[in-house]
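Working notes, beginning with the structure itself.
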Amino acid sequence: MTFAAAAGLSVANTYYAQPLLDAIAQDFGIAPATVGLVVTLTQIGYGLGLIFIVPLGDLVDRRKLILGQGILSVIALVSIAMARSEAILFASLAAMGLMAVVIQILIAFAATLASPQERGRTVGLVTSGIVIGILGARSIAGLLADLGGWRMVYLISAVLTLVMVGLLLRVLPRQSSPTGTDNYLAVLRSTPTLFLHDRILLVRGVLALLIFAAFSTFWTALVLPLSAAPFSYSHTQIGLFSLVGLTGAIAATGAGRLADRGLGQWTTGLSLIFLLVSWALIALLPVSLPALLVGVILLDLAVQAVHVTNQSIIFERHPEARSRLVGGYMVFYSLGSGVGAITSTMVFAHSGWLGVSALGATFSLFALLVWFGTRRLSTSERGR
């Protein structure tokens, strides 16, 4: 539970800015075309962290690495809250994103501590915290900003992060550093090699890319029809839709338990069918809001179930390289999220909500076809 809370708090830091862009732009006099850097730089920092920091978990004491990242996150959050220039703001946001990859080190650490029979359930529990952090960040940021301004959001998060560092200092078990002989550069080079030489890892990475492309397609474009007539919802009202997705947190632990029982392949297939079906309901948005809500529940259940199952399977492949595995896997995740975000707004401009729904269904169909074509690959075999 502590790992889940720490991961949720860390991932929330990277999502607070989304509902605060207008306020930040006004405070610094940033042009609307430029304020997107607030989000972009955070994601760039996060991507660099996946590549250069997460693999360190296979070389150094994970306890020290997690605590060090936590302290640096506090400094970055305070720097954001106190920033008086765009340069300081942007640099601090990039640093915060860089440190937020502690999430992936927490997942790898939790998987290492868990017994093989409980690994899927454990990964699912930590992932539940991440889902709650992602979906709750928008609503919490909006509420705190209304009470005391956007800077208060980051100050309060800095305090909570410092408290969490203290708690982790007490509960994280002390372990000896990994005994591998590889150096840092060798570890970095080995990450893509692992995925290229192990078909199970590559398939799970491709599935992650496709499901998060579908996920990002929906959540990026949703604000466009809901903020326009006939709905004309406020940003606060639109943010409440994310709370419907909390059902995905319930799916996370359930999917992990099924993976522990050796049912990961079929859990993946069934979830991908649900994902494809969800778009038929989501496409009814102009006609039926209740249908949309049911579609959101199905979409989030499916995505989180596949996500947890993916991680449960890849952690079994190479136990000595779990940090590298999760870092490499999350690169696929980030690529998919970026592709979905970019293409969804372009498609909406040309084809409206039906076009967005068709795009999301296409990503989902490709994911189902990838699973179907590779379903006979045994997840218990090593190497190629």
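Take the residues of the range 186-214 that are modelled with pLDDT under 90 and either open to solvent by 40 Å² or more (accessible area, probe 1.4 Å) or not polar (S, T, N, Q) (or both): which is farthest from L325 (Cα to Cα)? So, considering only residues that are modelled with pLDDT under 90 and either open to solvent by 40 Å² or more (accessible area, probe 1.4 Å) or not polar (S, T, N, Q) (or both), the one farthest from L325 (Cα to Cα) is A186. The set of residues in the range 304-325 being open to solvent by less than 10 Å² (accessible area, probe 1.4 Å), of a type in the set (A, V, I, L, M, F, W, C), more than 23 Å from V244 (Cα to Cα) and at pLDDT 90 or above consists of I314, L325.
Criterion applied to L289, L301, L275, L284 was being of a type in the set (A, V, I, L, M, F, W, C), touching a Ser or Thr at 6+ places or on another chain (Cβ under 7 Å), on the phi < 0 side of the Ramachandran plot and surrounded by fewer than 24 Cβ atoms within 10 Å (Cβ to Cβ), and the one residue passing it is L301. Screening the range 269-326 for residues that are assigned to a loop (DSSP other than H, G, I, E, B), of a type outside the set (G, A, S) and touching a residue at least 40 places away in the same chain (Cβ under 8 Å) and picking the one that is farthest from Q104 (Cα to Cα) gives P286.
A quick yes/no check of all residues on (1) assigned to a helix (DSSP H, G or I); (2) within 30 Å of P173 (Cα to Cα); (3) open to solvent by less than 70 Å² (accessible area, probe 1.4 Å); (4) modelled with pLDDT under 85:
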{"residue": "D27", "(1), (2), (3), (4)": "yes, no, no, no"}
{"residue": "I30", "(1), (2), (3), (4)": "no, no, yes, yes"}
{"residue": "A33", "(1), (2), (3), (4)": "no, no, no, yes"}
{"residue": "T40", "(1), (2), (3), (4)": "yes, no, yes, yes"}
{"residue": "G45", "(1), (2), (3), (4)": "yes, yes, yes, no"}
{"residue": "I51", "(1), (2), (3), (4)": "yes, yes, no, no"}
{"residue": "L67", "(1), (2), (3), (4)": "yes, yes, yes, no"}
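Scan the range 107-149 for residues that are assigned to a helix (DSSP H, G or I) and within 19 Å of H318 (Cβ to Cβ) and the total you get is 11. For the residues G166, G149, the requirement of being modelled with pLDDT of 95 or more, more than 16 Å from Y15 (Cβ to Cβ) and surrounded by fewer than 22 Cβ atoms within 10 Å (Cβ to Cβ) singles out G166. Looking at the structure I just gave you, is V294 open to solvent by less than 50 Å² (accessible area, probe 1.4 Å) and modelled with pLDDT of 90 or more? No: the conditions fail for V294.
Of the residues S85, S79, the single one that is among the small types (G, A, S), touching a helix residue (DSSP H, G or I) at 6+ places or on another chain (Cβ under 6 Å) and surrounded by fewer than 24 Cβ atoms within 10 Å (Cβ to Cβ) is S79. Out of everything in the range 252-272 that is of a type in the set (A, V, I, L, M) and open to solvent by less than 20 Å² (accessible area, probe 1.4 Å), what residue ends up being modelled with the lowest pLDDT? This residue is A252.
The values are calculated or read from the model by the stated rules, or taken from the named source; none is laboratory data. Bear in mind the structure is a predicted one, so any value in this text is a computation, not a measurement. For neighbour counting, all protein chains shown are included, and Cβ atoms are generated from backbone atoms with ideal geometry for every residue, glycine included. Accessible surface is based on the protein model in full, side chains and every heavy atom, while ligands, DNA and RNA are left aside. Shrake-Rupley method; radii C 1.70, N 1.55, O 1.52, S 1.80 Å.
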